[in-house]
């Protein structure tokens, strides 16, 4: 049986057992989980392997690509600017990014970028493989792209474009890339091990991602459902452009700033950011957001059938909220973001919970929050009941 390591408050023994059961699964590789309550770490567990060959053991500082869990960090950067009075979420995007105002987009407010209702879930013009690593190529393509539906009328998951849209607003205001701004203003001061644009010297700490097995017919496939909908741009939201040579484990992908999907984090780093947000926005004397801005960030904006994903989604301003099928615990104000393959981070300000889960053997199916993260999250809330 694969050993697990770390510490766990006795009250959360069921969480430890759930994590142990998952790591013991022969199909599993490596993972880590950190849970805080009231700013105190009650679960800090890791186990398994950082590579498909099972030659490198997972360690507490192992980093892994957390895919769309990165969106919560990109959103945090925008909210920090709003908190400081430098960004008006109700102002037109074109106020900060004039080129964006082309093709019928002049009136789109910033908040519609954050709640996935801007109608810019895909770039229709074919882009070269690896173009996602070229910031100006992507932002220019989005400035030229007409909305795919009437902005503000409906919501559809902006799987990749979210990061360039929000990130370019941050860049125009601060003069810094989103990854640099996040490092200097959030991750660095907090001591959170989370990177958007990961330097080469950290490669030895990065876990290899292993693709999920093909889903069974009973489980269903998100991409198959998108194909069945026959929207000409639906698959482009995920597949235009394709990743660079070397794919999601290559240096070009890791080095680029793709704020919707290529953040690399440890469980401790992910949980530390959400611990701050669960505790009123300040942790160890470092203020990330004010309590008032946290309430803005987690305010419900869009709820119902998604135009892209084949199930209902519930969005705040840059964050996912719980749905009837996938609640984030018992408190409706809990907010966070899941990532493809299974990573998940969230804050519950009412219960004062910060949660970070990262994993390298990906899973697939018809869900937003992965099954492993869901089981661990439910065990946490059961322990607190």
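Numbers for the structure displayed
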| quantity | calculated |
| --- | --- |
| Most mobile of 105, 236, 86 in a GNM of the chain (Cα contacts under 10 Å) | 86 |
| 222 nm mean residue ellipticity, helices alone, for the chain (DSSP H n ≥ 4; -39,500 (n - 2.57); rounded to 500) | -8000 deg cm²/dmol |
| Order of 323, 139, 62 under a 10 Å beta carbon neighbour criterion, fewest first | 323, 139, 62 |
| Volume in Å³ per residue [convex hull over Cα atoms, computed for the stretch 248-385] | 125 Å³ |
| Residue among 53, 212, 375 with the largest mean-square fluctuation in a Gaussian network model of the chain, springs linking Cα atoms under 10 Å | 53 |
| Contact order normalised by residue count of the stretch 74-116, Cα under 8 Å, 6+ apart, percent | 34 percent |
| Value of relative contact order over the chain, rounded to a whole percent, pairs C-alpha under 8 Å and six or more apart | 24 percent |
| Residue exposure sequence - 326, 363 - by fewest surrounding Cβ within 10 Å | 326, 363 |
| Most mobile of 121, 271, 292 in a GNM of the chain (Cα contacts under 10 Å) | 292 |
| Proportion of all alpha-carbon pairs of the chain beyond 28 Å (%) | 40 percent |
| Cα gyration tensor shape of the stretch 81-228, rounded if a/c is under 1.5, else prolate or oblate by comparing a/b with b/c | oblate |
| Residues 367, 344, 100 arranged by fewest to most Cβ contacts within 10 Å | 367, 100, 344 |
| Kirkwood hydrodynamic radius of the stretch 45-116, Cα pairs, Å | 15.3 Å |
| Principal semi-axes in Å for the stretch 272-346 [√(5λ), Cα gyration tensor, largest first] | 24, 13, 10 |
| Per residue convex hull volume, Cα atoms of the stretch 258-305, in Å³ | 119 Å³ |
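Taken together, the values in this text are just the output of simple stated rules run on the coordinates, not laboratory data. As the structure is a computational prediction, the values presented were derived from the model and not from experiment. Using ideal geometry, Cβ is built from the backbone for each residue, glycine included, and neighbour counts are taken over all protein chains shown.
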